[in-house]
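Below: the structure, in structure tokens.
The values are calculated or read from the model by the stated rules, or taken from the named source; none is laboratory data. Just so it is clear, the model here is predicted, and its values are computed rather than measured. Every residue, glycine among them, receives a Cβ derived from its backbone with ideal geometry; neighbour counts consider all protein chains shown.
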Amino acid sequence: MLVPTDSIRGELIFSEPLKKYTSLRVGGEAEYFFKPADIIDLKFFLSKIESDVPIFWLGRGSNLLVRDGGIKGIVISTSKILKEIIKINDNQVEVGANVPCTTVARKCIRWNMGPSEFFSGIPGSLGGALAMNAGAYGYETWERVTTVRTIDRIGNIHERNPKDYLIEYRQVKGPTDEWFLSAKLRFDSKDTPSIEKQKEMLMHRKNSQPLGLPSCGSVFRNPPNNFAAKLIEESNLKGYRIGGAEISKKHANFIITDHTAISNDVEQLINHIRATVKKIHNVDLQCEVKIVGDHKKII
């Protein structure tokens, strides 16, 4: 596989362990791992990649399970770029894809833009929230989006509207081989944001979720007219463990890991949850966490 090394200013690493970059703290290696120095560096790098080389775009790794066999091709990490949030006017901001959603909430509340507090309840970055239409407390990310900027696999930048995407509950489908760089978000001035409301949301998260422990956030989407956590808890699965992965005793829709965990422990636990809930409740739980990469070959 031909990977450009001349004239790039970012960091290119061979066989980089991805568990360092995911909130579950598990996962195999990236065959190649690239951290661009800036957008110009990213555009140049993409323009030199052969069309048959797989590319995987990694944000903050908060809703991701990388299998133990790792990811073939190139993993591009945006950890050094796309971190700006700019106030356009009294109702609109432009936010880089790598800005944490909690920062979006904090800044927009300071600028008196609402409703924006709900971003406090979304783990990870805006890019991840755009990719899955993340939401919290009755609001969803794409309800606020006016336009997005994307980059394709040959380095061209596009500006797109929501009509270019099929947007559903926790699912977004759009042009293939494009990744989010930023989004313009619009807020309604009549919905005055509240710092106290944000504090209540953050306290609710702290009291109801296993914050501070390795996890990927909510593992399953809520099925229609029900809650995944409720179904899992009613299946007596809280605290159930496979290897170093455990269903949180604090919130049944969270899987936490310890230092002994491997990705296969998490995936087996996910499969066990789905099978058990199907058997007891006849409900097919759909994963919210994205599972990628290859299974590790046993020699």
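Just to verify a result, which residue in segment 278-299, among those that are loosely packed, with under 12 Cβ neighbours inside 10 Å and either modelled with pLDDT of 95 or more or in contact with a helix residue (DSSP H, G or I) (Cβ under 7 Å, 6 or more places away or on another chain) (or both), is nearest to MET132 (Cα to Cα)?
Looking only at segment 278-299, we keep the residues that are loosely packed, with under 12 Cβ neighbours inside 10 Å, and these are 279, 282, 284, 297-299.
After this cut, where a residue has to be either modelled with pLDDT of 95 or more or in contact with a helix residue (DSSP H, G or I) (Cβ under 7 Å, 6 or more places away or on another chain) (or both) as well, the list is 279, 282, 284.
Working: LYS279: 28, ASN282: 25, ASP284: 19 Å.
Here the residue is ASP284.
Among all positions in segment 45-58, there is no residue which is outside the structural domain of ILE157 (by TED's automatic domain parsing), out of contact with any strand residue (DSSP E or B) (no Cβ under 9 Å at 6 or more places or on another chain) and surrounded by 18 or more Cβ atoms within 10 Å (Cβ to Cβ). The residues of segment 205-225 that are in contact (Cβ under 8 Å) with a residue 40 or more places away in the chain and assigned to a helix (DSSP H, G or I), listed by number, are ARG205, SER208.
Of the listed requirements (1) modelled with pLDDT of 95 or more; (2) under 30 Å from ILE262 (Cβ atoms); (3) aliphatic (A, V, I, L, M), LEU211 misses just one: (1). For segment 73-95, residues that are more than 26 Å from SER47 (Cβ to Cβ) and in a strand (DSSP E or B) total 7. Please go through segment 1-44 and give me each residue that is hydroxyl-bearing (Ser, Thr, Tyr) and surrounded by fewer than 16 Cβ atoms within 10 Å (Cβ to Cβ), ordered by number. If the condition is that a residue be hydroxyl-bearing (Ser, Thr, Tyr) and surrounded by fewer than 16 Cβ atoms within 10 Å (Cβ to Cβ), then THR5, SER7, SER15 are the ones that fit. For segment 179-199, filtered to residues that are assigned to a loop (DSSP other than H, G, I, E, B) and crowded, with 17+ Cβ neighbours inside 10 Å, the residue that is modelled with the lowest pLDDT is PRO193. The single condition among (1) in the same structural domain as ILE270 (by TED's automatic domain parsing); (2) of a type outside the set (Lys, Arg); (3) loosely packed, with under 15 Cβ neighbours inside 10 Å that LEU166 does not satisfy is (1).
Quick one: would you say GLU84 is of a type in the set (D, E, K, R) and at pLDDT below 95?
Numbers: of a type in the set (D, E, K, R): yes; at pLDDT below 95: no.
Judged against the criteria, GLU84 is not a match.
Give the residue, chosen from LEU202, LEU231, that is surrounded by 14 or more Cβ atoms within 10 Å (Cβ to Cβ) and at pLDDT below 95.
Numbers: LEU231 fails: at pLDDT below 95.
Checking each option against the conditions leaves just LEU202.
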